[in-house]
Amino acid sequence: MPWSTTLIAIILVAIALTVLLAARPSLTITKAGKILAFLSLFIFPIMAGTMGVFEHIERSKSTEFCTSCHVMEDYGKSLRVDDFSSLPATHFQYNRVPRDRACYTCHTDYAMYGDFRSKLRGLKHVYVQYLGTVPQEVKLYTPYNNRECLHCHAGARGFEEGATHTAEEGRLQAIKSNQMSCMTSGCHDMSHNIKGLKDATFWPATAKQGDAGDTGGASDAGASNETGKEDR
């Protein structure tokens, strides 16, 4: 049974029991009635609140959720750009990251998932979204950490033996230690090319520009072989 179904069931049972106790307070005279009141007024609400938090956290990891805000729509569109040089697009389209969790996979330290300061920034985002002024351009608070790349690519042959990564002695270690950024000029210096969307074509050809949250799309038969073109 899905978490959401269980959560709704607990809430409905708690409401029903509370209404029953309010209509017939004499039930609490007995020991069984006291237990029933304790369950309906304390245990079930705590369970519902805890499950609700976990349900929301899991949902917030989805690509659909991340791109649901207006300011993030273009970033969702960039995942569908038909351009092999686009880092986010190739990762998304060739299943190098789970499509339903594409944003979270590459930004694991974002907002509530990061340290205490990240969580505070996440609260600020909520305030700005509903009560403040949303900026036209979105920027990272800190430089992108190579850790987000390495938790998938570290140990992969294409990464460890890549010509760019081994072009000079010590470069691979510098990348692994985050001394040389993966976003360095000449490497992956362009991530989400938002300004280029107006002239871009999108994959699949029948996809709407705003449907990056739809994790279906065309078949990826043979895509695993095509990823050999670039595995940095």
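The values are calculated or read from the model by the stated rules, or taken from the named source; none is laboratory data. If you're wondering where the values come from, they're calculated on a predicted model, not measured in any experiment. Here the Cβ is made from the backbone with ideal geometry for all residues, glycine too, and neighbour counts use every protein chain on show.
What's the number of the only condition in (1) touching a residue at least 60 places away in the same chain (Cβ under 8 Å); (2) in contact with a helix residue (DSSP H, G or I) (Cβ under 8 Å, 6 or more places away or on another chain) that GLU58 fails to meet?
Going through the list (1) touching a residue at least 60 places away in the same chain (Cβ under 8 Å); (2) in contact with a helix residue (DSSP H, G or I) (Cβ under 8 Å, 6 or more places away or on another chain), GLU58 breaks only (1).
Evaluate the following for THR18: is it among the polar types (S, T, N, Q) and within 27 Å of TYR110 (Cα to Cα)?
On the way: among the polar types (S, T, N, Q): yes; within 27 Å of TYR110 (Cα to Cα): no.
So THR18 fails the test.
Do the conditions hold for ARG171, that is, is it without any contact (Cβ under 8 Å) to a residue 40 or more places away in the chain and under 26 Å from GLU64 (Cα atoms)?
On the way: without any contact (Cβ under 8 Å) to a residue 40 or more places away in the chain: yes; under 26 Å from GLU64 (Cα atoms): no.
In short, no.
Out of the helices (runs of 4 or more DSSP H) lying entirely within the stretch 127-232, which hold 1 or more residues that are modelled with pLDDT under 90 and of a type in the set (Gly, Ala, Ser)?
Values: elements: 147-153, 157-160, 171-176, 223-226.
Answer list for the stretch 127-232: 223-226.
Take the residues of the stretch 38-66 that are touching an Asp or Glu at 6+ places or on another chain (Cβ under 9 Å) and at pLDDT 90 or above: which is surrounded by the fewest Cβ atoms within 10 Å (Cβ to Cβ)?
Pass one, the stretch 38-66, residues touching an Asp or Glu at 6+ places or on another chain (Cβ under 9 Å): 61-64.
Going one step further and asking which of them are at pLDDT 90 or above, we end up with 62-64.
Working: SER62: 19, THR63: 23, GLU64: 16.
Ranking the candidates gives GLU64 first.
Taking the options THR105, THR166, name whichever one is farther than 21 Å from ALA200 by Cα, surrounded by fewer than 17 Cβ atoms within 10 Å (Cβ to Cβ) and polar (S, T, N, Q).
On the way: THR105 fails: surrounded by fewer than 17 Cβ atoms within 10 Å (Cβ to Cβ).
After applying the criteria, what remains is THR166.
Kindly indicate whether THR201 is among the β-branched types (Val, Ile, Thr) and surrounded by 13 or more Cβ atoms within 10 Å (Cβ to Cβ). So that I can check it myself, show each step before the final result.
On the way: among the β-branched types (Val, Ile, Thr): yes; surrounded by 13 or more Cβ atoms within 10 Å (Cβ to Cβ): no.
No.
Contact list please: Cβ distance under 8 Å, first residue in the stretch 143-156 and assigned by TED's automatic domain parsing to the domain that holds ILE175, second residue β-branched (Val, Ile, Thr) and crowded, with 16+ Cβ neighbours inside 10 Å, pairs at least six apart or on different chains.
Partner pairs satisfying both residue conditions: ASN146/ILE175; CYS152/VAL97; CYS152/THR105.
Taking THR90, is it β-branched (Val, Ile, Thr), surrounded by 15 or more Cβ atoms within 10 Å (Cβ to Cβ), touching a Gly at 6+ places or on another chain (Cβ under 6 Å) and in contact (Cβ under 8 Å) with a residue 40 or more places away in the chain?
On the way: β-branched (Val, Ile, Thr): yes; surrounded by 15 or more Cβ atoms within 10 Å (Cβ to Cβ): yes; touching a Gly at 6+ places or on another chain (Cβ under 6 Å): no; in contact (Cβ under 8 Å) with a residue 40 or more places away in the chain: yes.
No; evaluated as a whole, the condition is false for this residue.
Could you identify the single residue in LYS176, LYS139 that is surrounded by 15 or more Cβ atoms within 10 Å (Cβ to Cβ) and assigned by TED's automatic domain parsing to the domain that holds LEU87?
The match here is LYS176.
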